[in-house]
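One structure below.
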Amino acid sequence: MHLGFMIFFRFSAGLLLTYLVLSAKATAGTENLKIPNLGESSTSLFSADYEYELGRAWLRSFRGQAPQLNDPLLYSYLESLVFELVQHSELQDRRIELVIVNNPTINAFAVPGGVIGVHSGLFNYAVTEDEFATVMAHEIAHLSQRHFSRRMELAQEQGPMQLAGLLAGVLLAATVGTDAGLAAMTTAQGLAQDAQLRYSRANEAEADRVGLRTLYNAGMDPYAAPQMFERMYAATRYSQGNRVPEFLRTHPLSEKRIADTRSRAMQYPKRIRPVSLDYQLMRARVAVQSAQTPEEAVGRFRSSLAGEQLSAEASTYGLVLALTAAGKGDEAALALDMIWSGDSERIEYVIADAEIDLIRGNPGRAVNTLERRLALSPGNHPLTMAYANALHQAGSPHLAEAALLDQAKRVNNDPGLWYLLAEVQGLAGNIVGLHRSRAEYFILVNALDAAEKQLTYAQKLTGGDFTTASLINERLRDIQDMRADMDRG
């Protein structure tokens with residue numbers, strides 16, 4: 001299995017759908033993949049607003065086709081880390097949106113318009129927060145240096161077909177496996193001229209250099225960059241049956257590149273940083289979610305606690321999550337007591353305690369615990385989602401609906417929020433609201449026909465509510481505009 005991370009996916013409007021159809025015929029299991037066709041820009045160097053719209057349309061399509069981790073805590077951590085890096089980067093347009101792909105490979109990517117994605121496998125593979133941040137800083141550098149627009153400018157002269165294939169590759173990699181995605185990208189890059197390959201290497205070198213500076217400016221250890229590259233290179237080198245020529249990789253890793261990165265890192269003072277508990281807790285979450293069974297995760301963390309580990313506290317937290325997933329509430333509570341007395345307000349532990357109460361059949365206590373913590377951090381998204389779920393389990397759908405409607409004013413791009421909101425609205429008897437929330441969910445995953453049907457159902461039930469009917473009509477027009485953007489070109 002190819003273990004490299006996909007650095008930058010470049011694509012050409014107007015050829016994406018055509019290329020994907022060809023790829024789907026050549027790759028088993030990919031017949032239903034679709035890519036939006038947004039038409040052509042009037043300029044070779046796209047504006048920031050054009051890239052933004054391009055990226056959001058791509059993200060809707062991606063969400064509808066790639067498996068994702070619906071984990072508000074993990075997303076919140078990633079959001080905090082990325083925005084900290086962005087604050088110390090050269091990125092001008094800071095409208096960032098993130099996506100976490102449920103895939104064990106070591107992949108990350110940046111799409112024009114501020115979309116940054118990461119495969120869950122990267123959490124397992126990057127041992128420290130600084131190593132993980134190295135990859136994120138590299139992706140941010142691709143965005144800040146406008147590599148998409150610069151690549152497109154060159155492609156106008158030398159043909160854009162391979163650019164279409166690279167975007168098809170990220171979808172294939174995330175849905176049917178990295179090997180299939182790599183095959184699509186390899187085919188596409190095989191059409192590129194040598195000059196374009198050199199240009200791609202130049203982009204990578206620039207992203208390495210700029211990303212390293214971002215890493216240092218954010219207070220992290222620049223020496224983590226060569227460490228991370230060495231780790232990835234070793235994994236790629238020892239991977240059996242997947243030796244791909246370096247120049248065909250989207251992100252050529254070589255001993256020279258590692259040496260160059262080490263040389264650049266030596267221009268900065270080394271920083272000795274303590275182990276990040278926040279990051280290690282997230283690694284534990286991913287390890288539990290990626291285990292074949294909860295029992296497997298329980299065994300893994302028991303073994304970890306018996307040996308050496310970066311953070312005994314994080315390993316204990318992982319054990320708590322694994323025991324909870326296995327339905328062993330009493331054991332999970334005992335394990336949690338070992339760590340949260342020293343940090344009783346830590347959100348991860350509060351939510352873990354509430355989840356234990358839920359499997360013990362005590363949703364009322366879970367609601368009280370989360371309600372008290374939310375008073376200290378109003379609007380916190382992971383807490384709010386856990387609170388709404390606890391209200392749902394406690395048989396209070398009206399209260400859960402109110403909490404989620406209020407949260408949707410702050411966070412309207414979480415498919416999981418709209419999915420849960422539709423469910424509790426149905427239980428609360430708000431059928432118009434149910435259809436509208438389902439429509440928002442379908443819009444976020446690019447199921448525009450399904451979204452339109454839900455809004456049509458809602459429209460028929462509005463009666464004399466002119467305000468609601470007007471809002472539904474406005475959303476129907478939005479869907480028409482989205483569809484027109486997809487079809488243009």
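What follows draws every value from the coordinates through simple rules; no lab data is involved. Model, not experiment: these values are computed from the prediction. Glycine gets a Cβ as well: all are built from the backbone with ideal geometry, and neighbour counts include every protein chain shown.
Between Val411 and Arg271, what is the label-point separation in nm under the 7 Å Cα-to-beta-carbon projection?
Modelled inter-label distance: 2.7 nm.
Would you mind getting the Kirkwood hydrodynamic radius of segment 283-361 from its Cα pairs, rounded to one decimal in Å?
Numbers: mean 1/r = 0.0816 Å⁻¹.
Every distinct Cα pair counted, the radius reaches 12.3 Å.
Post the alpha-carbon centroid distance, segment 317-367 to segment 368-417, in whole angstrom.
Cα centroid of segment 317-367 versus Cα centroid of segment 368-417: 18 Å apart.
Please give the length that would be gained between Asn124 and Ile431 if that part of the chain were fully extended, namely 0.36 nm times their separation in residues minus their C-alpha to C-alpha distance (nm, one decimal).
Difference between extended and current length: 106.3 nm.
I want to check the label-to-label distance for Ala205 and Gln289. Put each point 7 Å from Cα in the C-beta direction and report it in nm to one decimal.
3.8 nm
Using alpha-carbon positions, what is the distance between the centroids of segment 81-136 and segment 435-478, in Å?
33 Å
Quick one, can you get me the convex hull of the C-alpha atoms of segment 50-99 expressed as volume per residue in Å³?
On the way: hull volume 3.7 nm³, N = 50.
Residue-normalised Cα hull volume stands at 75 Å³.
Which ordering of Thr384, Thr105, Thr456, Thr467 is given by a fewest-first count of other beta-carbon atoms within 10 Å? Intermediate values should be presented prior to the final figure.
Values: Thr384 22, Thr105 25, Thr456 13, Thr467 8.
The most exposed by this proxy come first: Thr467, Thr456, Thr384, Thr105.
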